[in-house]
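Notes follow the structure.
The values are calculated or read from the model by the stated rules, or taken from the named source; none is laboratory data. This one's a predicted model, so the numbers in the text were calculated from it and none came from an experiment. Neighbour counts are summed over all protein chains in view; Cβ atoms, including those assigned to glycine, are modelled from backbone coordinates with ideal geometry. For the accessible areas, the whole protein counts, side chains as well, though only heavy atoms, and no ligand, DNA or RNA atoms are used. Shrake-Rupley method; radii C 1.70, N 1.55, O 1.52, S 1.80 Å.
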Amino acid sequence: DDVGLGRRIKCILCTKALKKIQMLAGDNPDEAAVTAALQKGCRLLGRFLGKQCQKLVSQYQDQISQGLQNGDTPRDICTTMGICKA
C-alpha cells in the first residue's frame, strides 16, 4: 500500500542521509563535528534529497546528534526517530 511504501522510502532516505552524515562526522564526533556534518551531508545528497534531508535534520537534530555521538547505527537512529520500523 502507499502508506507502507512512503514509510519505506522515508526510512531509506533517513538511513542514507545518516550514513553520509556519520561518515562526515568521523569516528568519535563531538557536537560541533556532528553539526557541521549535518549541514554538509544534506548538501551532498543533491537538490531534492537535500531538501528532504534538511527537513529531517531540523526536526530531529538532537536525536541525530545524540545517536551519532553514542555510536548508534544510522538504521537505529532512524528507528528511534520513528521513521523506520523496528
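Quick rundown of the values:
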item: Hey, Ala25 more than 11 Å from the chain's Cα centre (by Cα), buried (at least 18 other Cβ atoms within 10 Å of the Cβ) and of a type outside the set (Asp, Glu) or not; result: yes
item: All positions within the stretch 61-86 that are part of a helix (DSSP H, G or I), open to solvent by 40 Å² or more (accessible area, probe 1.4 Å) and over 17 Å from Ile9 (Cβ atoms); result: Gln61, Asp62, Gln63, Gln66, Gln69, Asn70, Asp76, Thr80
item: Residue list for the stretch 28-39, restricted to those being among the charged types (D, E, K, R) and open to solvent by 100 Å² or more (accessible area, probe 1.4 Å); result: Glu31
item: Residue that is farthest from Ser65 (Cα to Cα), among those in the stretch 30-46 that are small (Gly, Ala, Ser) and part of a helix (DSSP H, G or I); result: Gly41
item: Qualifying residues in the stretch 40-60 (those that are open to solvent by 40 Å² or more (accessible area, probe 1.4 Å) and within 11 Å of the chain's Cα centre (by Cα)) - the one modelled with the lowest pLDDT; result: Gln52
item: Verdict on Ile12 being buried (at least 18 other Cβ atoms within 10 Å of the Cβ) and in contact with a Cys (Cβ under 9 Å, 6 or more places away or on another chain); result: no
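So that you can scan it fast, the table gives a plain yes or no per residue for (1) of a type outside the set (Lys, Arg); (2) free of Cβ contacts under 8 Å to residues at least 60 places away in the same chain; (3) on the phi > 0 side of the Ramachandran plot:
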| position | (1), (2), (3) |
| --- | --- |
| Ile12 | yes, yes, no |
| Lys20 | no, yes, no |
| Gly26 | yes, yes, yes |
| Leu38 | yes, yes, no |
| Cys42 | yes, yes, no |
| Leu49 | yes, yes, no |
| Cys53 | yes, yes, no |
| Gly71 | yes, yes, yes |
| Cys84 | yes, no, no |
